[in-house]
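Participant: Quick one: structure below, then a few questions.
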Amino acid sequence: MTATIKLYTNHGCPWAHRAHIALAELKIPFEEEIIDLSVPRTPEYLAINPRGLVPSLSYNGQIITESAIVAQFLADAYPSHLVPNGGTPEAALTRARINFFVDTFFSKVNSLYHKALFAKTDEEAEEAAAEFVKQLEKEVEPLLSDAAPYFGGSKTLTLAEVLTGSFILRLLSLPKNGVGPESLIKELPTKTPNFYKWATTVIEHPSVNGIWNEEKVVAGTKARLAKLKA
């Protein structure tokens, strides 16, 4: 029996984008409802997700929230190449490696990237960018030594790419479009070759870039920065 799936989303949100990557890669049919994040949430949506965040996934009427939980649920409910089925030490090890990689990316480097984007002065931005590259080289680069081309030597996307792909798109796109210092990405090919090769492969995958609108995201980020600095 085919499940009835509805995704409450916003195409400009990198967290909601995670669910789109999973659904696309798993080739799961679904209905979507776009939630306008620029205005207060409607009472109807708050009844679905009291936090007012996206994504929210309705699966046969059961609501699942929080992007990583939504993506993990889909990977578990539809067994595939994204993550191995549990029950063996090998599968558990692969899952642990994926979890550690995703945690490292967000806890060690992603915040530094945003610190550079939203810095108040050029000097602060350059300092944050230098620290971002340093930590990327130290923490993330070694974890991609066996990427071929995807995480852990996989020939297809894994849950690691599902959970990071939308952020990698922004990481590589924004600085080259005048958002944040160019030093965020200028030396990545030489200082973090494993990461750069993996990242440039990830962003070319149709499941990752399917809803990506670079022009709109760049314009929206510039508007946010201008508002904060006004």
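Each value in this text was obtained by applying a stated rule to the coordinates, not by laboratory testing. The shown structure was predicted, so the numbers you read here are calculated from the model rather than taken from an experiment. Neighbour counts run over all protein chains shown; Cβ positions are idealised from the backbone, glycine included.
Participant: What percent does the relative contact order of the chain come to when contacts are Cα pairs within less than 8 Å and at least six residues apart?
Facilitator: 21 percent
Participant: While we're on this one: Which percent, nearest 5, of DSSP beta bridges in the chain are antiparallel?
Facilitator: 70 percent
Participant: Same structure again: Would you please give the residues with an amide H less than 5 Å from that of Glu32, counting only those at least 5 places away or on a separate chain, with H modeled from the backbone geometry?
Facilitator: When sequence neighbours closer than 5 places are left aside, the close amide H contacts are Leu7.
Participant: Something else about it: Within the stretch 1-44, report the trypsin sites (Lys or Arg not before Pro) that DSSP leaves as loop and that have at most 16 other Cβ atoms within 10 Å.
Facilitator: Those satisfying the criteria are Lys27.
Participant: Continuing with this model, one more query. On alpha-carbon atoms, Rg over Rh for the chain using Kirkwood Rh?
Facilitator: Across the chain, the Cα-based Rg/Rh ratio is 0.97.
Participant: Within the stretch 111-212, list the GluC sites (Glu not before Pro) lying in a DSSP loop whose Cβ has at most 12 other Cβ atoms in a 10 Å radius.
Facilitator: Those that pass, being in a loop and sparsely packed, are Glu204.
Participant: I'd like the distance separating the alpha-carbon centroids of the stretch 71-95 and the stretch 1-30, in whole Å.
Facilitator: Taking the Cα centre of the stretch 1-30 as reference, the centre of the stretch 71-95 is 18 Å away.
Participant: Next up: Quick check: net charge around Pro149, other residues with Cβ under 14 Å of its Cβ, Lys/Arg +1 and Asp/Glu -1?
Facilitator: Taking every other residue near Pro149 into account, the sum is -1.
Participant: Over the stretch 70-206, what per residue volume does the convex hull of the Cα atoms give, in whole Å³?
Facilitator: Hull volume over Cα atoms, normalised by residue count, gives 105 Å³.
Participant: Which of Gly87, Gly12, Gly152 moves the most in a Gaussian network model of the chain with Cα springs under 10 Å?
Facilitator: It is Gly87.
Participant: Are there trypsin sites (Lys or Arg not before Pro) in the stretch 44-109 that DSSP puts in a loop and that have at most 13 other Cβ atoms within 10 Å, and which ones?
Facilitator: Arg51
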